[in-house]
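The values are calculated or read from the model by the stated rules, or taken from the named source; none is laboratory data. The shown structure was predicted, so the numbers you read here are calculated from the model rather than taken from an experiment. Reconstructed Cβ throughout: ideal geometry from the backbone, glycine too, with neighbour counts over all protein chains shown.
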Amino acid sequence: MSFSSIPLIDFRQLQDAEEQTKASALAQLREAIFLVGFLYLTNTGLEETIAKTHAALPSLFSLPEAVKEECNMLHSPAFLGYTRLGAETTAKRTDWREQFDFGTGGERKIDHAWDRLEGYNQYPDDKTQRLVEEYLAGIQVVSSQFMHAVAECLSLPRETFDAFAGRMSRLKFIKYPVSQSEETRQGVGPHKDSAGLFTFLSQDDVGGLQVLNKDGVWIDAPPVPNSLVVNIQQGFEAITGGICSATTHRVVAPCSDRIRYSIPFFLGVRLDLTLDELKASASHIVERIPAADNEKKNAVDVPSEFLSPLYQCFGEAHLRNRILSHPDVGKRWYPDLYEKYSKQLLV
């Protein structure tokens with residue numbers, strides 16, 4: 001099954017006490033997750049928080065450069081903080097976006113390099129900190145309930161995926177300036193999200209998000225008012241043995257006179273998970289997954305680091321992704337790994 005548009009799922013119906021309504025919604029979710037890979041989620045109860053946050057973003061990105069640079073990601077081995085325009089790379093090209101990265105975790109004992117990915121936030125001011133904490137409080141509840149619904153749609157216990165959830169999830173505030181030339185049309189290049197299990201994206205009404213379908217064709221994911229765009233990340237793809245493929249997507253920078261803002265939340269996955277461990281611990285999940293025909297998509301798709309035997313665990317795969325996406329941060333905090341992964345990229 002391919003798709004030319006993205007399905008819409010009513011979050012409230014997934015929680016409905018009426019058995020028939022909930023069963024119908026779960027059936028729709030099963031098809032959207034496992035045969036499409038992207039969906040719009042409506043009636044989440046976060047509409048007011050999302051509107052408030054979007055309204056604050058223009059002022060946040062209009063802060064003086066000196067204020068933003070004080071919390072530059074360069075200061076953080078966890079890749080948290082501010083990224084100036086043109087400092088991130090995807091698919092070997094520069095992304096035309098400016099952003100702030102935040103996380104839900106905090107520093108922990110460092111046994112491996114990837115443990116440093118779980119660090120402390122950098123905020124430009126107290127107002128932004130309050131905004132981030134309010135947004136995270138709401139989206140964490142919704143994302144947890146959604147993950148339980150995914151288990152239910154496979155006739156598995158609601159808590160099935162809880163054992164794979166990570167200590168730290170991530171939140172981004174992103175600004176896509178107006179594109180002035182073909183060289184700046186890449187808001188963010190083709191990629192699969194690598195921070196965890198599922199992504200919950202709030203986009204404004206400008207548009208620009210595109211999704212790769214099963215036929216290997218890019219289709220638009222136009223804004224739907226009061227919705228979150230949900231997609232599968234590499235962590236969930238690995239848990240399902242690669243059967244449930246993380247969907248490749250990209251953003252084309254706006255070429256009108258309007259700036260695009262978006263707010264993605266990345267539900268985290270355990271960094272210590274290995275592919276060998278998953279073969280045993282997730283086998284009961286894999287056997288429930290409806291297989292989809294991904295042959296055409298795979299021919300043009302972005303590879304998944306989490307499925308590669310090159311990396312010891314999810315943490316190393318995610319760290320590799322961060323280092324190559326933010327080479328300035330990688331060179332500063334992980335110079336040996338930057339050199340190692342850069343050579344792999346050239347092979």
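Within the stretch 107-150, being in contact (Cβ under 8 Å) with a residue 60 or more places away in the chain and part of a loop (DSSP other than H, G, I, E, B) holds for His112, Glu118, Pro124, Asp125. Sort out which residues of the stretch 85-97 are in contact with a Ser or Thr (Cβ under 7 Å, 6 or more places away or on another chain) and either on the phi < 0 side of the Ramachandran plot or among the hydrophobic types (A, V, I, L, M, F, W, C) (or both), and write them in order of number. Correct list: Glu88, Thr89, Thr90, Asp95, Trp96. Number of residues in the stretch 9-26 that are under 24 Å from the mean Cα position of the chain (by Cα) and at pLDDT below 95 equals 1.
Consider the stretch 277-331. How many of its residues are hydroxyl-bearing (Ser, Thr, Tyr) and part of a helix (DSSP H, G or I)? Of the residues in the stretch 277-331, 3 are hydroxyl-bearing (Ser, Thr, Tyr) and part of a helix (DSSP H, G or I). Apart from one condition, Phe164 fits all of (1) surrounded by 19 or more Cβ atoms within 10 Å (Cβ to Cβ); (2) without any contact (Cβ under 8 Å) to a residue 60 or more places away in the chain; the exception is (2). If you take the residues in the stretch 125-137 that are surrounded by fewer than 19 Cβ atoms within 10 Å (Cβ to Cβ) and either of a type in the set (D, E, K, R) or touching a helix residue (DSSP H, G or I) at 6+ places or on another chain (Cβ under 8 Å) (or both), which one is nearest to Gln312 (Cα to Cα)? Per the criteria, the residue is Glu133. Scanning the stretch 127-138 finds one or more residues that are within 16 Å of the chain's Cα centre (by Cα) and either at positive phi or not aliphatic (A, V, I, L, M) (or both).
Taking (1) closer than 19 Å to Leu171 by Cα; (2) touching a residue at least 24 places away in the same chain (Cβ under 8 Å) in turn, Ala51 satisfies each apart from (2).
Taking the stated definitions as given, is Ser256 exposed (fewer than 15 other Cβ atoms within 10 Å of the Cβ), over 18 Å from the mean Cα position of the chain (by Cα), among the small types (Gly, Ala, Ser) and within 30 Å of Ser179 (Cα to Cα)? Yes; evaluated as a whole, the condition is true for this residue.
Considering the stretch 186-216, and only residues there that are of a type in the set (A, V, I, L, M, F, W, C) and either closer than 22 Å to Arg170 by Cβ or under 11 Å from the mean Cα position of the chain (by Cα) (or both), the residue that is surrounded by the fewest Cβ atoms within 10 Å (Cβ to Cβ) turns out to be Val211.
Residue pairs whose Cβ atoms lie under 9 Å apart, separated by 6 or more positions or on different chains, with the first residue in the stretch 192-207 and over 16 Å from Leu273 (Cβ atoms) and the second surrounded by fewer than 23 Cβ atoms within 10 Å (Cβ to Cβ) and among the basic types (Lys, Arg), are Asp204/Arg258; Asp205/Arg258; Val206/Arg258. Applying the criterion of being modelled with pLDDT of 90 or more and charged (D, E, K, R) to the residues of the stretch 236-257, the residue that is farthest from Cys153 (Cα to Cα) is Arg250.
From the list Leu35, Leu39, pick out the single residue that is outside any loop (DSSP other than H, G, I, E, B) and surrounded by 21 or more Cβ atoms within 10 Å (Cβ to Cβ). Sole residue among the options that is outside any loop (DSSP other than H, G, I, E, B) and surrounded by 21 or more Cβ atoms within 10 Å (Cβ to Cβ): Leu39. Taking the listed residues Ala91, Ala87, the one that is within 28 Å of Arg258 (Cβ to Cβ) and out of contact with any helix residue (DSSP H, G or I) (no Cβ under 9 Å at 6 or more places or on another chain) is Ala91, with no other qualifying.
A count restricted to the stretch 222-252 and to residues that are among the aliphatic types (A, V, I, L, M), farther than 21 Å from Leu319 by Cα and not in a loop (DSSP other than H, G, I, E, B) stands at 5.
Looking at the stretch 64-83, which of its residues are surrounded by 16 or more Cβ atoms within 10 Å (Cβ to Cβ) and in a loop (DSSP other than H, G, I, E, B)? Of everything in the stretch 64-83, those that are surrounded by 16 or more Cβ atoms within 10 Å (Cβ to Cβ) and in a loop (DSSP other than H, G, I, E, B) turn out to be Cys71, Ser76, Pro77, Ala78, Phe79, Leu80. Cβ separations smaller than 7 Å between residues 6+ apart or across chains give the following pairs from the stretch 315-333 residues that are crowded, with 23+ Cβ neighbours inside 10 Å to residues that are aliphatic (A, V, I, L, M) and not in a helix (DSSP H, G or I): Gly315/Leu271; His318/Ala195; His318/Leu271. Going by the structure shown, is Ala78 small (Gly, Ala, Ser), within 15 Å of Gly268 (Cβ to Cβ) and at pLDDT 95 or above? Considered against the rule, which asks whether it is small (Gly, Ala, Ser), within 15 Å of Gly268 (Cβ to Cβ) and at pLDDT 95 or above, Ala78 comes out as yes.
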